[in-house]
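One structure below.
The values are calculated or read from the model by the stated rules, or taken from the named source; none is laboratory data. Values in this document were obtained by computation on a predicted structure and should not be read as measured data. FYI the Cβ positions are ideal-geometry reconstructions off the backbone, even for glycines, and counts take in every protein chain you see. Keep in mind that these areas ignore ligands, DNA and RNA; they rest on the heavy atoms of the full protein, side chains included. Shrake-Rupley method; radii C 1.70, N 1.55, O 1.52, S 1.80 Å.
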Amino acid sequence: MMTYRVLLVCMGNICRSPTAEGVLRRYIVNQGLGDKVEVDSAGTHGYHVGEAPDSRTQRAARARGYNLSQLRARKVAPQDLDYFDLILAMDKSNLDNLRRMATPEQRERIALFMDYARNFDDEEVPDPYYGLGHGFDLVLDMVEDASEGLVDHFRKVTGR
């Protein structure tokens, strides 16, 4: 099987989706799937293109051993909708934005990130950008939970 490719999407690509990218990459490598699964992140809006993740995001991630400092924000490009096998939005607003960009065939690969969560019932990862600091830890809790479910999904689709 070829590499399975997943894109994680929020609005600006500086809080939720880079957190998910960093966490999911670690989970994939730890499960021996690093050569089978490619992970990237992007935003539906181009407000922060080229910027590193929000400093509060990086601080919260670093406290759990994730280094996001090398990541840079980018905007979802039309070719992403063809390239990625699975495109996961952090919330319904970004899910709707992605579906509007997509063809009917591409829409079948677009879902909510939290669909893969095991312990959280929430459908959306809340945007911590305008909130207090604890929101970044909640994002990490939710992302770690859904990443475990995603690793199981990757094992099935890659046959590992």
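For this structure, a couple of remarks:
- Among the candidates Asp82, Asp54, Asp91, Asp121, residue that is without any contact (Cβ under 8 Å) to a residue 12 or more places away in the chain and not small (Gly, Ala, Ser): Asp121
- Region 69-79: number of residues that are over 22 Å from Phe136 (Cβ atoms), without any contact (Cβ under 8 Å) to a residue 60 or more places away in the chain and either buried (at least 22 other Cβ atoms within 10 Å of the Cβ) or among the aliphatic types (A, V, I, L, M) (or both): 1
- Matching entry among Ala60, Ala146 (being assigned to a helix (DSSP H, G or I), among the aliphatic types (A, V, I, L, M) and either farther than 26 Å from Met2 by Cα or open to solvent by 20 Å² or more (accessible area, probe 1.4 Å) (or both)): Ala60
- Any hit, region 103-116, residues being open to solvent by 80 Å² or more (accessible area, probe 1.4 Å), within 13 Å of the chain's Cα centre (by Cα) and either more than 17 Å from Gly135 (Cβ to Cβ) or not polar (S, T, N, Q) (or both): yes
- Selection from region 9-39 of residues that are touching a helix residue (DSSP H, G or I) at 6+ places or on another chain (Cβ under 8 Å), farther than 24 Å from Asp137 by Cβ and not aliphatic (A, V, I, L, M): Gly34, Lys36
- From Tyr4, Tyr66, Tyr47, residue being open to solvent by less than 70 Å² (accessible area, probe 1.4 Å), among the hydroxyl-bearing types (Ser, Thr, Tyr) and more than 19 Å from Phe84 (Cα to Cα): Tyr66
- Residue identified as farther than 30 Å from Arg160 by Cα, out of contact with any Gly (no Cβ under 7 Å at 6 or more places or on another chain) and of a type outside the set (Val, Ile, Thr) among Gln31, Gln58: Gln58
- Residue in region 8-23 that is surrounded by fewer than 21 Cβ atoms within 10 Å (Cβ to Cβ) and either part of a loop (DSSP other than H, G, I, E, B) or of a type in the set (Asp, Glu) (or both) present: no
- Subset of region 28-48 (residues that are under 21 Å from Asp91 (Cβ atoms) and either hydroxyl-bearing (Ser, Thr, Tyr) or more than 16 Å from the chain's Cα centre (by Cα) (or both)): Ser41, Thr44, Gly46, Tyr47, His48
- Residues satisfying the stated conditions in region 1-50, i.e. more than 18 Å from Pro78 (Cα to Cα), among the hydrophobic types (A, V, I, L, M, F, W, C) and without any contact (Cβ under 8 Å) to a residue 60 or more places away in the chain: Met2, Val29
- Among residues that are free of Cβ contacts under 8 Å to residues at least 12 places away in the same chain and open to solvent by 50 Å² or more (accessible area, probe 1.4 Å), Asp96 is included.
- Selection of region 63-110 for residues being in a loop (DSSP other than H, G, I, E, B) and touching a His at 6+ places or on another chain (Cβ under 8 Å) yields only Ala73.
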